Amino acid sequence: MNAALLAAYAVEVHAESGTPWVLLLAGPAGAVAVYWTLFRYYRNTDKSHSFERETLIEAMPVTGQDPKIDTVRGTERREVRGNNVSEHRQRVQRLP
Amino acid sequence: MTAHGSAPEPPIADTSTAQQREADAGTPVVDTANAWLDDGVNRCARCGSTEIQLRVSTGHLVCLFCRHEWTEAHIEPLVAGEGSLRDLTGTVIASGATDLVADDGMLTMKCSGCGAEVVVNTAEATSSRCHWCRHLLTVNEQVPNGAVPDAVLPFSVTRDQAVEHIKLFAQKRRTFAHRRFVKEFTPGNVVGVYLPYMVVDSNASGDVHGVGEVETRQYTRGTGDNKRTVYDADVHRVERHVDLTVDDLTLESSTERAHMNAFVNTNNVINTILPFDTKNAVQWNASYLVGYTSERRDADVAALVPELEDQLLSIVRSQVQSSVKTYDRGVRWEGERLEVHGTRWVSMYLPVWLYSYYHDEGGTPMVHYIAVNGRTGETMGSVPVSQWRLVTAALVTGTVLESIVIAMLGLW
Ligand SMILES: [Zn+2]
Ligand SMILES: [Zn+2]
């Protein structure tokens with residue numbers, strides 16, 4: 001899982017440039033991943049009721065607007081800063 | 001209390017008693033009191049016997065004397081009436097969900113083991129153990145009781161079925177479980193308990209605004225070791241509005257149970273086995289509780305409003321998500337507004353089979369549960385782990401990976 005991805009990434013990045021020392025992280029990363037995966041399977045600390053999907057909800061069509069306000073050029077960011085589009089339970093500023 | 005008439009009324013749904021009256025405060029209260037039980041004694045309609053209990057296989061009450069079976073009326077039509085949820089305005093509170101006052105109908109006892117407040121039916125000798133930690137309860141720890149709920153959803157998963165679910169859940173988690181848990185595992189100790197919830201209908205509108213980005217170009221800059229991928233994007237201000245109704249949102253109405261922090265308690269386990277088919281809940285009759293324990297509600301409507309609004313906001317955010325799919329670089333929501341036009345509150349007992357295990361590790365006590373939804377059989381739990389075994393497994397995996405890597409590097 002994590003460790004395998006890390007290894008693949010390291011091989012890709014360093015294929016043409018010297019020794020991939022970063023691969024040495026695979027051991028510790030693998031150990032941590034195994035620990036957390038098992039711990040969560042036993043303790044289920046990450047689970048809760050998905051009321052957003054498992055409740056009877058009737059919504060009218062969503063309305064709104066999308067004015068363009070800016071452009072960004074040549075950014076290395078892979079997504080908008082602070083992307084929380086899927087973090088439904090993360091509260092943001094409450095408007096009156 | 002007056003004695004029940006010698007010819008008891010048949011227990012059919014009598015909706016005419018569910019009159020809607022305006023309380024002094026102006027909050028409409030829907031009376032859900034079960035009129036034919038108003039002498040406080042539950043009797044069989046056919047023979048007058050008081051030996052009544054739930055027959056789980058049919059979901060009906062059964063008279064143990066003459067085998068007469070019946071069920072109470074569904075609560076939903078009594079409370080909801082004809083109107084659509086979209087027309088719901090103000091705060092409508094069913095009579096069992098009104099603010100709590102001391103009531104001596106049943107006995108609430110405070111557990112000296114874990115501090116839980118447990119309601120016991122005084123006629124039942126079997127329910128004198130705490131369903132959370134199985135401590136014996138003693139009468140001198142009585143505290144003022146909470147109100148009788150509007151409705152109850154009877155158990156339909158039998159004890160044997162629950163035991164099977166719990167066994168299976170634990171068997172799959174044997175290898176790394178704490179040895180003492182494995183040794184002491186006694187699924188037969190499962191108890192059936194009715195937990196208190198507020199079931200809430202809402203009519204609301206939500207607004208969210210933020211910033212979204214659409215990728216317009218992806219290219220590489222630099223050469224050799226400095227090569228990196230960069231992006232161009234259009235930035236939009238995103239505003240969304242949605243009107244919605246939410247039917248039967250279910251909130252824990254025991255403050256203790258509603259407090260969820262997975263690292264100091266395991267209450268999230270009980271939350272995870274939701275939802276229940278609350279549409280099938282029936283008008284309150286204490287006979288449904290015979291053989292089970294229950295927990296008192298200690299939160300009033302006002303105390304639960306923040307949690308309701310929080311969940312409604314989460315629902316709004318979830319509802320608008322599909323409308324912002326074009327923002328392939330995501331959206332940063334910055335502000336949100338909720339306008340609640342109307343809510344309707346019904347207090348309800350929902351059925352849960354609980355297997356609890358009190359675990360004290362290094363002075364940190366924690367009660368672990370395996371809980372089974374008493375209607376759907378959905379099972380969730382928390383099993384104490386053997387840190388020693390877990391760490392060993394992690395180290396072994398890490399060592400194997402590391403040796404492979406070192407071997408690879410050696411060949412480089
Ligand atoms: Zn009878
Ligand atoms: Zn207890």
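Below is a table of values for the structure above.
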item: Among residues of segment B:287-346, those that are part of a strand (DSSP E or B) and not hydroxyl-bearing (Ser, Thr, Tyr), counted; result: 16
item: Enumeration of residues in segment B:201-225 that are among the hydrophobic types (A, V, I, L, M, F, W, C), surrounded by fewer than 24 Cβ atoms within 10 Å (Cβ to Cβ) and within 30 Å of B:ALA303 (Cβ to Cβ); result: B:ALA204
item: Any hit, segment B:270-283, residues being over 29 Å from B:CYS130 (Cα atoms), touching a residue at least 24 places away in the same chain (Cβ under 8 Å), in contact with a Ser or Thr (Cβ under 8 Å, 6 or more places away or on another chain) and within 14 Å of chain A (Cβ to nearest Cβ); result: no
item: Residue match in segment B:48-64 (condition: modelled with pLDDT under 85, under 23 Å from B:ASN280 (Cβ atoms), in a loop (DSSP other than H, G, I, E, B) and away from ligand 1 (no atom under 13 Å from the Cβ)); result: no
item: Filter result for the condition that a residue is at negative phi and within 14 Å of the chain's Cα centre (by Cα), over B:GLN311, B:GLN283; result: B:GLN311
item: Residue within segment B:209-232 that is more than 22 Å from the chain's Cα centre (by Cα) and under 30 Å from B:THR89 (Cβ atoms) present; result: yes
item: First in segment A:21-33 and facing chain B (nearest Cβ under 7 Å), second anywhere and in a helix (DSSP H, G or I) and of a type in the set (Asp, Glu), Cβ under 6 Å, 6 or more apart; result: A:GLY27/B:GLU402
item: Residue in segment B:316-349 that is nearest to the chain's Cα centre (by Cα), counting only those that are β-branched (Val, Ile, Thr) and at the interface with another protein chain (Cβ under 7 Å from one of its Cβ atoms); result: B:VAL320
item: Any hit, segment A:53-60, residues being at the interface with chain B (Cβ under 7 Å from one of its Cβ atoms) and acidic (Asp, Glu); result: yes
item: Residue in segment A:74-83 that is surrounded by 14 or more Cβ atoms within 10 Å (Cβ to Cβ), modelled with pLDDT under 90 and not in a strand (DSSP E or B) present; result: no
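Residues are listed down the side, and each one gets a yes or a no for (1) within 12 Å of chain A (Cβ to nearest Cβ); (2) over 30 Å from B:ARG55 (Cα atoms); (3) not in a strand (DSSP E or B):
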{"residue": "B:ASP160", "(1), (2), (3)": "no, no, yes"}
{"residue": "B:THR175", "(1), (2), (3)": "yes, yes, yes"}
{"residue": "B:PHE181", "(1), (2), (3)": "yes, yes, yes"}
{"residue": "B:VAL199", "(1), (2), (3)": "yes, no, no"}
{"residue": "B:THR216", "(1), (2), (3)": "yes, yes, no"}
{"residue": "B:THR220", "(1), (2), (3)": "yes, yes, no"}
{"residue": "B:MET260", "(1), (2), (3)": "yes, yes, yes"}
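The values are calculated or read from the model by the stated rules, or taken from the named source; none is laboratory data. As the structure is a prediction and not an experimental result, all values here were calculated from the model. FYI the Cβ positions are ideal-geometry reconstructions off the backbone, even for glycines, and counts take in every protein chain you see.
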